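S.K.: Starting off with a structure, shown below.
The values are calculated or read from the model by the stated rules, or taken from the named source; none is laboratory data. All figures in this text were calculated on a predicted structure; none of them were measured in a lab. When we count neighbours, we look across all protein chains shown, and the Cβ atoms used for this are built from the backbone with ideal geometry, even at glycine.
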C-alpha cells in the first residue's frame, strides 16, 4: 500500500537556530498524536545533522533539498548523496522547478542524482510539473510524461519502487493560485497510468504521488480526498507549525 505523505520544503529559509526551533516545535506538536500520514521536513543542508538529532526520526523524516550529480571529488560547494545520508537524513528532494529554472538542471543531471540518492539509501522525492505557458498550450501531459521518462525510466522496477513523485504545477507555486482538486486528480491519475505502462499496475498503485502547488490548511483536505493524490509537498505553509499541522491533520 502506498503511503500518505506530507512533506515540508523550507527552501532557503530559516537560519540554523530558527530551523532547530521550528523542528523541535513540530516534534513537540506531534508527540502523543496519531497521524494518518508520514511527515517529512526538507531543510537546508547546514541544518540536516542538527535537525536529525533534534527530532524523533520515527515521527519526522528529514530530507535534503538537493544533492550533487557526482559521487565525490573536486566539486567545490557541492554536497554529495553520501554526505546527505551521513547526517541521518532519509530523503532528498530532486528536480524541484526552482532547481530546473534557476540552476539549469537537466533530465540527464537529475538521472544521475536519482541514481546516487538510491545508491546511498536515500528516498528521492522527485518533482515534475509544467509552467503556465505549457498548461495554456495544453502540453501539460506531454511535459510531465517526458520529465518522468527522461530521468526515471532507466531505473529497474525495484529501484523505481523506492521513489516518491511530487507533481508541482509551476504556475501555482507561490502565486496563490492552486490547481483545482479536479485538475490535481486528473494529472495524478495520468502520471499513475504512465507508470503502469512502464512498470505495471502494482508498482503504479504503490507509488506515492504528492501535490506541490500552494497547498494550505484551507484546501488540503479537499486535495487529499482525491484517490490519486497521496499528500503534499508544502512550501510556505511548512514554515510555521500553526500552518503545517492542519495540513498534516487533513488526512
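S.K.: Suppose the filter is more than 30 Å from residue 221 (Cβ to Cβ), out of contact with any helix residue (DSSP H, G or I) (no Cβ under 7 Å at 6 or more places or on another chain) and modelled with pLDDT under 95; does residue 133 pass it?
M.R.: yes
S.K.: Which number in (1) modelled with pLDDT under 95; (2) part of a helix (DSSP H, G or I); (3) closer than 29 Å to residue 21 by Cβ marks the one condition that residue 214 misses?
M.R.: (2)
S.K.: Cβ-Cβ below 9 Å, separation at least six or inter-chain, first residue in region 9-27 and on the phi > 0 side of the Ramachandran plot and touching a residue at least 40 places away in the same chain (Cβ under 8 Å), second in a loop (DSSP other than H, G, I, E, B) and surrounded by 15 or more Cβ atoms within 10 Å (Cβ to Cβ): which pairs?
M.R.: 11/44; 11/65; 11/96; 11/235; 11/239; 14/44; 14/239
S.K.: Looking at region 209-221, which of its residues are in contact (Cβ under 8 Å) with a residue 12 or more places away in the chain and surrounded by fewer than 21 Cβ atoms within 10 Å (Cβ to Cβ)?
M.R.: Correct list: 216, 217, 219, 221.
S.K.: Follow-up question, since we're still on this one. Counting only residues that are outside any loop (DSSP other than H, G, I, E, B) and surrounded by fewer than 15 Cβ atoms within 10 Å (Cβ to Cβ), which one in region 130-140 is farthest from the chain's Cα centre (by Cα)?
M.R.: The selected residue is 136.
S.K.: Now for a different question. Taking region 150-181 as the search range and keeping residues that are surrounded by fewer than 22 Cβ atoms within 10 Å (Cβ to Cβ) and free of Cβ contacts under 8 Å to residues at least 40 places away in the same chain, which one is nearest to residue 69 (Cα to Cα)?
M.R.: 156
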